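The values are calculated or read from the model by the stated rules, or taken from the named source; none is laboratory data. It should be emphasised that the depicted structure is a prediction, and the values quoted were computed from it without experimental measurement. Positions of Cβ are backbone-derived with ideal geometry, glycine not excepted, and every protein chain shown enters the neighbour counts.
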Amino acid sequence: MELAVRAAAPSCSSSPSLHPPRVPCRLGRSPGLPLPARRVALAAAAFALDPFQEIKTELNDASKTEVFACPVCYEPLIRTGPPGMNLPAIYRSGFKCSKCNKSFTSKDVFLDLTVTSGMKEYSELKPARTELFRSPLVSFLYERGWRQNFNRSGFPGRDEEFQMAQDYFQSVAGGILVDVSCGSGLFSRKFASSGAYSAVIALDFSENMLRQCYDYIKQEETPMNTNLALVRADISRLPFASCSIDAIHAGAAIHCWPSPSNAIAEISRVLKPGGVFVATTFLSTPTNSGPLSIDALRPLRQIVGPVNSSYNFFTEGELEDLCRSCGLINYSSKVQRSFIMFSGQKP
Ligand SMILES: C[S@@+](CC[C@H](N)C(=O)[O-])C[C@H]1O[C@@H](n2cnc3c(N)ncnc32)[C@H](O)[C@@H]1O
C-alpha cells in the first residue's frame, strides 16, 4: 500500500531531530521477546484463572511510580492498595488527591478519573460526536464492522496502522504509552501485547467502550492485564502529571473531540521531553465537510459550527498548526486519500 510521506517542515527539520535513526527491525515483530514481553508471558497463567486475582510480581517497572493525577488540580494521586499498572491492582485500589481530597475508585472494570467521577446530582452532555460513542450499541458494533468501514476513506486497517504507529514510537519503547480515545481498545490491546512498553493505559470517555475493551481482553489468549490499565477520562482534562508520559496514541479520534486544541495542549502538557504523539484522523474533503472544506469558506465554520453537531475534520495545514501551537516539534505525516497519520514530539 502506497502512502505519501510528508517530512517535517524545514523549520523543524533543521532543528536537531530527537528521533533516533530508523532501524529496519519493527517493534512487535522481533523474533526474541523483549523484556516487557517476557514479563507479560511470566504472568500469563495467573490471569487465565481469575482476571482480578492479585498478581504479586516485581515484573512491572511502572508499578513503582504513580502516573495518575487528579483531573481537578493535577496533583499526583495517592493510591491505597496493591501497586502496579494492571487491571487487578487498579481495580483493588482506591485513589485520592491529597490537595482536593477527591477520591476515585474503579467502576465496573475501569478507573473513573473524570472530574464528574462520583458526582450524584450533576450531569452534563458533551457534543453528539462524543456522546454517540457512549452508546452500548455503537460500542458493541465498533470493532464488528464500524471501524472496518474507515478503510474506504484510505485507512490502511488495524494491523498496518499499528505497525506505522510503532515505527513512530521507536524512540520511546520501554516507556509508558497512553492510547487516548481508545474506543474498544483495538490498538491498546496490540500495544500491550507487543511487550514494547512498561505500561499501556487504555483511556476513553465512553464507559461502554471501556467495558467492551475489557470483554475483548478476557477473550484474548495473551494476559494483557499484566501491563494494561483501563481509565475513563476526558481528553481535555488528562489525569496525568505534567511531563510524565512517554507515548500518546490517538487513533481516529481528533474529529470526535469537543475541543481538539484543548486536547492537544493537554497531550503536550503530559508528554515527557522527547515524548511522542501519534494520531490518525480523516482529512477534511468536500465529501465529508461539504463546502466548508473550501479554504475561502472555512471561516464560516465559526458561524454554523454551533448548529452543526457532526465531526470536526481538518486540513493537514490545520493539524500541523495545532501541533506547533501546542509546542510539539518534528511534525511529520503519512497520507492516503483522506486518511492521515501524523506525529509530533515534545521538545
Ligand atoms: C472513532 S472512535 C476511535 C477508537 C479507536 N481509537 C480507533 O482507532 O478506532 C473515537 C473515540 O473517541 C472517544 N472520545 C470522544 N470524545 C472524547 C473525549 N472528550 N475524551 C476522550 N475520548 C473521547 C469516543 O468515546 C470514541 O471511543
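Numerical summary
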| quantity | calculated |
| --- | --- |
| Matching residues in the stretch 126-153 - criterion: being more than 12 Å from the ligand (Cβ to nearest atom) and loosely packed, with under 14 Cβ neighbours inside 10 Å | PRO136, LEU137, ARG144, GLY145, ARG152 |
| Boolean, ALA233 is of a type in the set (Gly, Ala, Ser), closer than 16 Å to CYS70 by Cα and within 14 Å of the ligand (Cβ to nearest atom) | yes |
| ILE248 being among the β-branched types (Val, Ile, Thr) and in contact with a Ser or Thr (Cβ under 6 Å, 6 or more places away or on another chain) | no |
| Some residue of the stretch 221-242 being of a type in the set (Lys, Arg), assigned to a loop (DSSP other than H, G, I, E, B) and touching a residue at least 60 places away in the same chain (Cβ under 8 Å) | yes |
| Only one of SER343, SER309 that is at pLDDT below 80 and outside any helix (DSSP H, G or I) | SER309 |
| Hey, ALA233 surrounded by fewer than 23 Cβ atoms within 10 Å (Cβ to Cβ), among the hydrophobic types (A, V, I, L, M, F, W, C) and at pLDDT 95 or above or not | no |
| Residue under evaluation ASP215, criteria (1) over 22 Å from ASN262 (Cβ atoms); (2) in contact (Cβ under 8 Å) with a residue 12 or more places away in the chain; (3) among the acidic types (Asp, Glu); (4) within 15 Å of the ligand (Cβ to nearest atom), criterion not met | (2) |
| Among residues of the stretch 90-102, those that are in a loop (DSSP other than H, G, I, E, B) and either surrounded by fewer than 17 Cβ atoms within 10 Å (Cβ to Cβ) or basic (Lys, Arg) (or both), counted | 6 |
| Conditions (1) β-branched (Val, Ile, Thr); (2) surrounded by 14 or more Cβ atoms within 10 Å (Cβ to Cβ); (3) without any contact (Cβ under 8 Å) to a residue 40 or more places away in the chain: number failed by THR116 | (2) |
| Cross-chain or 6+ apart pairs with Cβ under 7 Å, the stretch 86-97 first and free of Cβ contacts under 8 Å to residues at least 24 places away in the same chain, then of a type in the set (Val, Ile, Thr) | SER93/THR80; GLY94/THR80; GLY94/THR105; LYS96/ILE78 |
| The stretch 67-89, subset hydrophobic (A, V, I, L, M, F, W, C) and in a strand (DSSP E or B), residue surrounded by the fewest Cβ atoms within 10 Å (Cβ to Cβ) | ILE78 |
| Of all residues in the stretch 154-163 being within 12 Å of the ligand (Cβ to nearest atom) and more than 21 Å from THR287 (Cβ to Cβ), the one that is surrounded by the most Cβ atoms within 10 Å (Cβ to Cβ) | GLU161 |
| Positions within the stretch 257-276 being buried (at least 24 other Cβ atoms within 10 Å of the Cβ) and not β-branched (Val, Ile, Thr), in sequence order | TRP257, ALA263, LEU271, GLY275 |
| Pair list, Cβ under 8 Å, 6 or more apart: the stretch 145-156 residue free of Cβ contacts under 8 Å to residues at least 40 places away in the same chain, other residue more than 10 Å from the ligand (Cβ to nearest atom) | GLN148/GLY157; ASN151/GLY157 |
| Total residues in the stretch 164-208, condition away from the ligand (no atom under 13 Å from the Cβ) and aromatic (Phe, Trp, Tyr) | 3 |
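Residue-wise test of (1) more than 22 Å from LYS218 (Cα to Cα); (2) at pLDDT 95 or above; (3) within 20 Å of the chain's Cα centre (by Cα).
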{"site": "ILE55", "(1), (2), (3)": "no, no, no"}
{"site": "ASP61", "(1), (2), (3)": "yes, no, no"}
{"site": "LYS64", "(1), (2), (3)": "yes, no, no"}
{"site": "ASP108", "(1), (2), (3)": "no, no, no"}
{"site": "LEU132", "(1), (2), (3)": "yes, no, yes"}
{"site": "PHE140", "(1), (2), (3)": "no, yes, yes"}
{"site": "ARG147", "(1), (2), (3)": "no, yes, yes"}
